[in-house]
Amino acid sequence: MNASHSGKARIARIWRGRTVSSKADEYAEYLQREGVTPLQETALGVQMFREDRETESEFVTISYWESVEAMSRFAGPDPRQIHHLPRDAEYLVALPDAVQVLHIVVNEPG
């Protein structure tokens with residue numbers, strides 16, 4: 001979690017997207033630069049995952065927030081609304097239509 005923020009993560013915002021294998025490395029760099037880095041500056045923490053499959057790769061980005069209100073300051077009034085990166089249509093197999101917002105029930109490092 002980002003040490004520059006105080007507070008405990010109570011909300012997780014989860015985004016998923018898939019790209020073809022031939023674009024996966026390039027998209028990983030793009031997603032890190034354009035999507036993850038801005039989150040690192042505002043969220044309590046952020047993780048980016050990648051699963052390589054036979055013909056495509058799936059990316060999952062999870063950002064952590066102290067409240068829905070804090071998340072809304074970054075994501076807008078409806079934190080479940082998707083905000084596509086400018087080149088997502090070029091990379092992704094299909095543009096996701098939503099993100100998942102979950103309340104964290106247990107948050108213990110282990």
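Please treat every number below as a calculation from the coordinates, not as lab data. Since the structure is predicted, the reported quantities are computational estimates derived from the model, not experimental observations. In this analysis, Cβ positions are derived from the backbone assuming ideal geometry, glycine residues included, and neighbour counts consider all displayed protein chains.
Using θ = phi - 60° and the Karplus form 6.51 cos²θ - 1.76 cosθ + 1.60, what ³J(HN,Hα) does each residue of the range 78-90 get, whole Hz, x for Gly and Pro?
In residue order, the calculated couplings are 10, x, 7, 6, 7, 10, 6, 6, x, 9, 4, 4, 6 Hz.
Can you pull a Stokes-Einstein diffusion coefficient for the chain at 20 °C (1.002 mPa s), Rh from Kirkwood over Cα pairs, as a whole number of µm²/s?
Roughly 148 µm²/s, to the nearest whole number.
Quick one: Cα centre-to-centre distance for the range 77-110 and the range 20-46, in angstrom?
About 12 Å separates the Cα centre of the range 77-110 from the one of the range 20-46.
FRET efficiency for Leu102 and Glu29, Cβ-Cβ distance as r, R0 = 25 Å, nearest 0.05?
0.35
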